[in-house]
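Below is one structure, written out as structure tokens; comments come after it.
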């Protein structure tokens, strides 16, 4: 079931109404049933995988708590990690590595005996696996006790608003919420509904509209020559993926908030970042903090020498790239961001000297503008790999951009193009007004007339400019 | 902590009141905005221009050419009229397929009956694509005409389409710019003399590129490599029968292509063989004016791209077609 479907617009209020109609002690049952139903609308059989992950981690955490020795605790942690990552690897990467090995063997004229096989990727597996793993690691580290209520733990793993594309929650902050008694609060309901409406606007009016143009360019990369075409498509993809993913997060956070749950903020105006490091503190925050806490810090974090630290950062981004998908384009994308981060650290002092020499250090607004522009373009370079169908296409696109072919760009259907750009302008206007506040805070602080104008604009923007058959969210494929 | 189980708490009442207010405001805006958009749409309809559907439903010509961008750009109405003595117009709409042609035909036949309908054949008409029903959004404004045949097709866009169409604004999805432009044209007194004919200018392909010869496949292999969408032959049949039931003569035309090696484009000509089989069962005569029957279409200067003639090519094609058509009338 997609968030941008009428089924969900019927499902959500029904679930919310039933949630508050039920006594607290039965609410976990409702959430468990509806969450599994939500997931099984996609493919029923794969709900077994969530249940297996849930059982493994529930048992592992209890085992850790009861283990009398550190070795025992480690054994349970190892069991959880190996099982969950093994399942993730099999379903997500087995085909990729198999085909990569086949290509490598064939390149050297060696025979490769493993036949071709295909495995359907369970939607959301990367997200719920990480969320469940963070629980067992936190229990191992002593950050929280094991959850004894199996039903509550199962809901924590499969909670439908954030099951398939995050935010990736932490047990420390999220699990206790299932034990809290939630009541209907007008402010929460209104906040939640506003976020859902805004998320639907971003998805249907901006992301899906812009994708029509982006797909026509990126899926036919060798039929276009103008540098401007590829630059336009890349800039628009930057907004497509931002709106697509942040829309999902907004709808997830809004849906959860209506029931009294607080999910973590996942995006914070990422294209206003002045450095790649800042970008990753504003983009997919739940994932970047997950990698920080469960990969970077165990590797030594910032407590090791600079060389080791930079190596660790590069490894984290490489893994992050691979997490995003089983394709070399994602690996290159991750590596590129790793290079950005490492280079940023190495050149920090040099950059400060450069700003001083250029007289920009004393002009903070100009400096901020340049830094934001440079960061945005570095991110866009990465998006080329993220979106391209393969690495060859990505290099072809980059080559075309660098050829500075200024022939007239391909616009496609002018009206479609303009609708997409209009949506982006609306988004940027709202984010400018937002400033440092969250979207919820900004909307809450608007006068009533402003809020109603916002609702009307979103609803009728969706009806007039929305693409209704744009399909699933980009991050569902991860 | 005790649960709040009363449905009459102030928070509940406040929430329900706001939801009701929200619904009332949205319904009111939908009504008013929908009425304004409908008025803007009606202003364009009937003027004879306005692109696509609006132009087509204003038609009263005796000869209409249906199809996609090829119908729109290949058939010069002036040449067709000159040779046949019939008032002619193209009602081709770019990027459409047989589902759209059928919907358009239903709208037109509800208004009048031309003497002759020509269906320009293009392979992609029968190909199954994920956006087959999406492209029918251009007919949504006509949902309230009460045309059952049209609405039956529109409802296949999605199972929620009947619900969505309760909104008076939704039918105008993705039409704002077009409505604005054409309303502006109408208000400024502009007229459209094109009769639906919009030829393409210039050449966008390498004239020295090597031609890809048309391949013939055994039926089973053709079906495997070029599968026809299961529901589309039914629409071809409905298209033909609807016209014949109103006394309209139906003909088809197979025009020229210029697929070349290395273009990366898929040669969809094998679909035309499947099309010919479907039309053969319906006894629809097919006029062939293409590169196999007329060697003049081996001249690359007549083509804009692999699928479309340019203006010069369109005039050559129209002359040949009109002569052939006249013999069928």
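Worth a mention:
- Peptide B:152-165 is shielded by partner chain Cβ atoms: per residue, an average of 1 of them sit within 10 Å of its Cβ.
- Once the Cα atoms are used to define both axes, helix B:232-245 deviates from the longest principal axis of chain B by about 80 degrees.
- The packing ranking of peptides A:26-32, B:119-125, highest mean first, is B:119-125, A:26-32, where packing means the average number of other beta carbon atoms within 10 angstrom of each residue.
- Remark: spin-label model distance residue A:365-residue B:129 equals 4.8 nm, labels positioned 7 Å along the Cα→Cβ axis.
- Mean separation of Cα pairs under 8 Å and 6 or more residues apart, divided by the residue count, gives chain A a relative contact order of 20 percent.
- On the basis of the beta-carbon distance and an R0 of 30 Å, residue A:374 and residue A:223 show a calculated FRET efficiency of 0.45.
- Chain B: relative contact order as a whole-number percent, Cα under 8 Å and 6+ apart: 24 percent
- The calculated FRET efficiency for residue B:286 paired with residue B:166, based on their beta-carbon distance and R0 = 60 Å, is about 0.90.
- Chain lengthening between residue A:51 and residue A:414 when straightened (0.36 nm per residue, less Cα-Cα): 125.9 nm
- Computed [θ] at 222 nm, deg cm²/dmol, the protein assembly as shown (DSSP H ≥ 4; -39,500 (n - 2.57); rounded to nearest 500): -18500 deg cm²/dmol
- Residue A:5 paired with residue B:159, simple spin-label distance in nm, labels 7 Å along Cα-to-beta-carbon: 0.9 nm
- A Förster radius of 45 Å, combined with the Cβ-Cβ distance separating residue A:145 from residue A:117, puts the computed FRET efficiency at roughly 0.60.
- The mean number of Cβ atoms from other chains found within 10 Å of a Cβ in peptide A:175-186 is 3, as a whole number.
- Modelled label reach - residue A:59, point 7 Å along Cα→Cβ, the range A:70-84 residues with backbone N closer than 18 Å: A:72-84
- Three-way shape label, the range A:107-243, alpha-carbon gyration tensor, a/c 1.5: oblate
- Peptide B:17-25 - average C-beta neighbours from other chains (10 Å radius): 2
- The antiparallel fraction among DSSP beta bridges confined to the protein assembly as shown stands at about 15%.
- When you restrict to C-alpha pairs under 8 Å that are six or more residues apart and normalise by the size of the range A:39-93, the relative contact order lands at 28 percent.
- The range B:168-323 shape via C-alpha gyration tensor axes, a/c threshold 1.5: oblate
- Distance between the pseudo-spin-label points of residue B:112 and residue B:245 (7 Å out from Cα toward the beta carbon): 2.2 nm.
- Shape category assigned to chain A from the gyration tensor of Cα positions, a/c cut at 1.5: rounded
Every read-out reported here was derived from the displayed coordinates using simple, explicitly stated rules and does not represent laboratory data. These numbers come from a predicted model, not from an experiment. Here Cβ is always computed from backbone atoms with ideal geometry, including for glycine, and neighbour counts include all displayed protein chains.
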